[in-house]
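Have a look at the structure below, then the notes.
The values are calculated or read from the model by the stated rules, or taken from the named source; none is laboratory data. Just so you know, these numbers come straight off a predicted model, no measurement behind them. Counting neighbours? That spans all protein chains shown, and the Cβs are built from the backbone with ideal geometry, glycine included. Note: areas computed on protein heavy atoms with side chains; ligands, DNA, RNA excluded. Shrake-Rupley method; radii C 1.70, N 1.55, O 1.52, S 1.80 Å.
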Amino acid sequence: MKSDDKSIKWVEEPPLGLAGRSYVPLLVGGITTTLKHLAGPKMTVESPEQRHAIVDPLGYRGVHRLNRDAQGRVKCVACFLCATACPAHCIDIVAAESPWPDREKYPESFTIDELRCIFCGMCEEACPVDAIELTSLYDLSGKSREEMIFDKAKLLSVYDQTKDAEPMRSAQADRATDSACPDSGERGEEPI
Amino acid sequence: MYLVIESLIKIGVIIGGLMGAAAYLVLVERRVAAWIQDRRGPNRVGIPLTEIRLFGLGQPIADGVKFIFKEEFVPGHVDRLLYVAAPMVMFVAATVLFAAIPFGTVDLGIAGWAPINLVVVPGLDVGIIYIVAVSSIAVYGVLLGSWASNNKYAFFGGVRSAAQLISYEIPLGVAILGVVLASGSLRLEAIVEAQAETGVWNVLTQPLGFLVFLVASFAESGRLPFDLAESEQELVGGFHTEYSGIKLMMYLVAEYLHMIAGSFLIVLLFLGGWHFWGLTGDGPVAGIGVALVRIAVFLAKVLAVILFFMIARWSWPRFRFDQLMGLAWKVMLPLGLVNLVGVAVWIEYLRAPLAVSGLPERLVMAAAGWLLLGVAWLAAMAAAPSARDNRPDLSLVARYRDSREAR
Amino acid sequence: MATVLIDGTEIEIGDGERLNAIEAAARAGVSIPYYCWHPGLSVVGSCRMCLVEAGTRDAAGRIQMGPKLVPACNTLVRDGTVLVTQSEKVQQARAMVEEGLLLRHPIDCPICDKAGECLLQDYYFEYGQADGRRADIRPFTSRRRDLGDVALFVDRCILCTRCVRFVREVSGTNELLVSGRATGEEIDVFPGFPLANKLSGNVVDLCPVGALADKDFLYRQRVWFMRSHPGVCTRCASGCSIWIDENQDRIHRIRPRENPHVNRWWICNDGRYDYPHVHNPARLVGARQRKGGDTRELDFTGLAGQLRAALRQAGRLGAVLSPFLTLQEAYLLAGTIRQLDPQALLALGPVPLAGEDERYPGGFTISKEKCPNRFGVERILGRMAGGVIRFDHFVEQVAQGAIAGAWVSGGYRQGWIDEATAAKFEQLRLLVVQDLFPSPLSQRATYELGGAAFAERDGSYVNRQHRLQSVAWAIRPPAGVRTEGSILWELAGRAGLYDAAATLRELAAEIPFFHPALGTIPETGLDLLVNQIA
Ligand code: SF4
Ligand code: SF4
Ligand code: SF4
Ligand code: SF4
Ligand code: FES
């Protein structure tokens, strides 16, 4: 925008009073705040001895997991919508025809570069079958970059680890909408 | 021979002390900063391979080791010679400064030994001039480094820094002149002794000079609220954007040493040096016990000033560059001159009549000083504009555009 | 001159032009949605997506609208035709057609390859009802049926019958049919007569929805990840216009690009499935020098200078210009070799032939000549070498020792030269070969250079109907390959990067036959013969 753009509104600075010009109240104010905090209570959580209390594990955006369908197969249908939505371009999928007669397409390989991920949760939002979800595991670490690129097996194992503590979204939604209008029901339960 | 050994010992003590102090002051700074921000700061690194933490006392060592072993990346576009030389210039200038800092004089009480002057170069008659002169060499380190980096952010940082350092040297010098005038000597020992003798620190008699000196030394050491040279939000890292590894460490340590030197000067010139009422005595030469007390008092004062530096960092926001320059030339320099003239008038015309009148001389002196501060401050306040028009001159913009279009 | 009024805009239509309402509206900048109509197929008017209001305007300017909506695809416009395409009536009709089509549609877009370029999706967003009334039906998987060359997802089909009309009218092979009646209608083939013809891939492009799926492309990529680059097929001398769909320098599919002068809307399967050779790991990459028994890998920096020096010292020179070269490359090579040795022997590379031209009822022809640019290279040789020397003659000359150094350009698929022929090149002092795949010849080369595939080149081709088409590269060559154009550009001692457009202008100025190419080259190419007089 050019500085003489007509749409710019120039706002006048409020004039300084005598107190402001003497600078003393500002000096005092600054140092008071500082001193107050110097002695104040500390916020630091001493990880790893202490753990963060996660208020809403279902809403938390931590490590991903790939959910399984009723028969324990990967639920993902390899639609690439998560990869499309991902702003960090960290999801890599290779799709193929599924080996199962009742399903058409499935991810032959599915990897997420957890180092590149910004944990925005867009993939979870985008997934039409609730196959990808973010868990409340937040302290992932690894000794190499390769180790932090999670493949399908690893992502499924995260599901196995967390499925009891954090039930699948669609399962919760179904329970919630059983009595509500059918239109808002999640479509994910259908084997697509 | 004896002199050489004595000097070497002093140098060793000073350098060792300084490096250790710089390292641990970084830790202090980090922890103080953390506390001010409601955090805890580095508290984990203790003795390696054990669980012993020691409040994070191992952190500076870990930091140092990391700096030394980090890849020292030299970008392809730099002027190699200057790029390598610049941090060294800065570092050396910051270190040799301490040669003239006096810690007092001790008489070991051994027969045949002259009292030892606890300063690397004893008897330097122009101590204060030496310090001011050497500390300005730092400008070269900054300017060369930023120029050699061949990076626009570094260059901006360097240019800002040069302008800032040169501008603030003037109020700094003027404030020092007031002290020099009052003590009648350029020797730092003499300045301290003068304060110790009367028991009245210069800060009490020349609060205006102290203020000017304090502000100027903040600016000279490039710390918040005057760290325009490396303001991260605008300039990445300022003049050391392109530096890494041990060269970066030299820059950072040199900056720290500047702050320490500034604190030493403040204590020496205005806060009575090693003197403390009732504790340290007031004669120039002391026995070994008193000398130790004096050193402790001196260091404690310096530490207090350094802590003030650290706390100030989180208390007041950074100035804008035009405000910074305005402050130097339009406020600090006049205030410094007022102080200087005041001191001169006092010495030339008022001291003699006062001595005759029998009023308590020290009290009057202090009262006069504070009165001067109040009046000068009020004057500065009245002269300050209540608002500044920061809008760009739109006619200039339009004219610029027309001329471009015409081309 | 006929005047047609479309949504209040008057457009003029030339005499003798037969346009239906969809085409006429397109000229007025109004788009009418359609499924079953296709400019290359007969009109059936079965989908009813294109319904519009039509009427007439008489000489006095009075407008009389028809009582019912009419299908735009089946309405020829003539003088005084009035079309209304945005009225509420029309919009309602469209929404209802959409709803009807989606009533029994699986909506398995997440796993449908068409998603992203599906007309059903696009039109639903543009013309469908805001809220669907299909609350009770959940998405289901479409039944899959193997039709032979392509797969059919039965439930996704909207029965536009484009595919059926295609096999009747264009390929003339008649494999597909509509079986069943009413709601039981499905596309199918007769048992034992699968869809199998050389144009079968086109039905996938024709299908407005994801019912027909290319088995080669199935599940390979989502379409929105790919970028389409205009290109020219180099599989035969017809030089069909194509789209090269690529993602991160990997071609995933080839589609026809509409070109009324060459391939209209179609391409053959040979060209469509020709791209895998581009990513064949067996490709020749890098540059190497052989001296005695040693092989030394070379860096491309300074390579051109080294080659030039070697050519200069070799003595009598010869060059083989492959019919896979673009005009620019042939011109640069011929020019450089002639400059180094004015007596150099310039020959045309072997022209791969296979059977006879294949003609289809719709007018589509697959040429027997399996290379893109014989015509163009011959014209360049005719000017720069005074005539076209065949490859056999060149080999003879080599065998007789009449040539000491030769530059052979390739670009062929594997197996274009046999051991015996290649052995004759052994006595050369210097042999430079730039080819796509290792061959007996490249193994004997003093300098062996990897060459570019068709999608990696910048340049122009002249097809068998003397139509010149220019293309730019669609993907970058694999690591260690520099295109013929850039190497020859440097060999010719020119500064900067290879500039195909400038080279074309230069050769067009020099060679009279190419004079028409001095102007701009349209997307659909330029007929050199027709434009000779101009
Ligand atoms: S959380 Fe965001 S960044 Fe991470 S994979 Fe999902 S979409 Fe990508
Ligand atoms: S969006 Fe869901 S179903 Fe689609 S590819 Fe990603 S995880 Fe699989
Ligand atoms: S044809 Fe495919 S993309 Fe189109 S609407 Fe149906 S399922 Fe979706
Ligand atoms: S398969 Fe496709 S082209 Fe054929 S009738 Fe169905 S929708 Fe139309
Ligand atoms: S396009 Fe006109 S009825 Fe289908």
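General observations
- The stretch C:510-534, residues that are among the small types (G, A, S) and under 13 Å from C:L327 (Cα atoms): C:A517
- Tally of residues being surrounded by 20 or more Cβ atoms within 10 Å (Cβ to Cβ) and acidic (D, E) across the stretch B:146-200: 2
- Filter pass, B:G342 being part of a helix (DSSP H, G or I), more than 14 Å from chain A (Cβ to nearest Cβ) and of a type outside the set (D, E, K, R): yes
- On inspection, C:G480 qualifies as loosely packed, with under 15 Cβ neighbours inside 10 Å and not aliphatic (A, V, I, L, M).
- Contacts under 8 angstrom Cβ, first residue in the stretch C:115-126 being assigned by TED's automatic domain parsing to the domain that holds C:Y35, partner away from ligand 2 (no atom under 16 Å from the Cβ) and open to solvent by 60 Å² or more (accessible area, probe 1.4 Å), 6 or more apart: none
- Residue under evaluation C:E329, criteria (1) open to solvent by 10 Å² or more (accessible area, probe 1.4 Å); (2) in contact (Cβ under 8 Å) with a residue 60 or more places away in the chain; (3) of a type in the set (D, E, K, R); (4) in a helix (DSSP H, G or I), criterion not met: (1)
- Flag not set for A:A70, criterion: of a type in the set (G, A, S) and either within 16 Å of ligand 5 (Cβ to nearest atom) or without any contact (Cβ under 8 Å) to a residue 60 or more places away in the chain (or both).
Each row is one residue, and each column tells you yes or no for (1) free of Cβ contacts under 8 Å to residues at least 12 places away in the same chain; (2) within 20 Å of B:F155 (Cα to Cα); (3) of a type outside the set (A, V, I, L, M); (4) not assigned by TED's automatic domain parsing to the domain that holds B:R294.
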{"position": "B:V192", "(1), (2), (3), (4)": "no, no, no, no"}
{"position": "B:V200", "(1), (2), (3), (4)": "no, no, no, no"}
{"position": "B:L204", "(1), (2), (3), (4)": "no, no, no, no"}
{"position": "B:P207", "(1), (2), (3), (4)": "no, no, yes, no"}
{"position": "B:L211", "(1), (2), (3), (4)": "no, no, no, no"}
{"position": "B:E220", "(1), (2), (3), (4)": "no, yes, yes, no"}
{"position": "B:F226", "(1), (2), (3), (4)": "no, yes, yes, no"}
{"position": "B:E230", "(1), (2), (3), (4)": "no, yes, yes, no"}
{"position": "B:L235", "(1), (2), (3), (4)": "no, yes, no, no"}
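- When C:G29 is tested against (1) more than 24 Å from C:Y124 (Cβ to Cβ); (2) small (G, A, S); (3) open to solvent by 30 Å² or more (accessible area, probe 1.4 Å), only condition (1) is not met.
- The residue that is farthest from the other protein chains (Cβ to nearest Cβ), among those in the stretch A:10-39 that are in a loop (DSSP other than H, G, I, E, B) and surrounded by 13 or more Cβ atoms within 10 Å (Cβ to Cβ), is A:Y23.
- Filter result for A:D102 (within 11 Å of chain C (Cβ to nearest Cβ) and either more than 16 Å from ligand 4 (Cβ to nearest atom) or closer than 27 Å to C:A213 by Cα (or both)): yes
- Taking the criterion of being assigned to a loop (DSSP other than H, G, I, E, B) and out of contact with any Leu (no Cβ under 9 Å at 6 or more places or on another chain), the residues of the stretch C:23-49 that qualify are C:G29, C:S31, C:W37, C:P39, C:S42, C:V43, C:V44, C:G45.
- Hits in the stretch C:451-466 (condition: surrounded by fewer than 24 Cβ atoms within 10 Å (Cβ to Cβ) and farther than 17 Å from C:G271 by Cα): C:D458, C:Q465, C:H466
- Scanning the stretch C:182-203 for residues that are open to solvent by less than 20 Å² (accessible area, probe 1.4 Å) and of a type in the set (A, V, I, L, M), we see that the one that is farthest from ligand 3 (Cβ to nearest atom) is C:L199.
- When the stretch A:113-149 is limited to residues that are more than 14 Å from every other protein chain (Cβ to nearest Cβ) and aliphatic (A, V, I, L, M), the one that is nearest to ligand 5 (Cβ to nearest atom) turns out to be A:M122.
The rows are residues; the columns are (1) assigned to a helix (DSSP H, G or I); (2) closer than 30 Å to B:P115 by Cα; (3) open to solvent by 40 Å² or more (accessible area, probe 1.4 Å).
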position: B:L279; (1), (2), (3): no, yes, yes
position: B:V293; (1), (2), (3): yes, yes, yes
position: B:M310; (1), (2), (3): yes, no, no
position: B:W329; (1), (2), (3): yes, no, yes
position: B:Y349; (1), (2), (3): yes, no, yes
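- Taken over the stretch B:1-55, the criterion of being within 11 Å of another protein chain (Cβ to nearest Cβ), touching a Gly at 6+ places or on another chain (Cβ under 6 Å) and assigned to a helix (DSSP H, G or I) is satisfied by B:R31, B:A34.
- Scanning the stretch A:137-159 for residues that are open to solvent by less than 60 Å² (accessible area, probe 1.4 Å) and more than 13 Å from A:E114 (Cβ to Cβ) returns A:K152, A:L156, A:S157, A:Y159.
- For beta carbons closer than 9 Å, sequence separation of 6+ or different chains, a first residue in the stretch A:114-125 that is within 8 Å of A:H64 (Cβ to Cβ) and more than 16 Å from ligand 4 (Cβ to nearest atom) and a second that is small (G, A, S) and open to solvent by 20 Å² or more (accessible area, probe 1.4 Å), the qualifying pairs are A:E114/A:G142; A:C123/A:A85.
- Any hit, the stretch C:164-181, residues being open to solvent by less than 10 Å² (accessible area, probe 1.4 Å) and within 14 Å of ligand 3 (Cβ to nearest atom): no
- Strands (runs of 3 or more DSSP E) lying entirely in the stretch C:50-162 (those with 2 or more residues that are open to solvent by 20 Å² or more (accessible area, probe 1.4 Å) and of a type outside the set (S, T, Y)): C:51-57, C:63-71, C:144-146
- Residues (in contact with a Leu (Cβ under 6 Å, 6 or more places away or on another chain), open to solvent by 30 Å² or more (accessible area, probe 1.4 Å) and among the small types (G, A, S)) located in the stretch B:113-145: none
- Condition met for C:I11 (part of a strand (DSSP E or B), under 30 Å from C:H261 (Cα atoms) and not assigned by TED's automatic domain parsing to the domain that holds C:F364): yes
- Residue in the stretch C:98-113 that is outside the structural domain of C:R165 (by TED's automatic domain parsing) and away from ligand 3 (no atom under 16 Å from the Cβ) present: no
- For the stretch A:112-136, the set of residues classified as open to solvent by less than 70 Å² (accessible area, probe 1.4 Å) and in a helix (DSSP H, G or I) consists of A:C123, A:E124, A:A126, listed by residue number.
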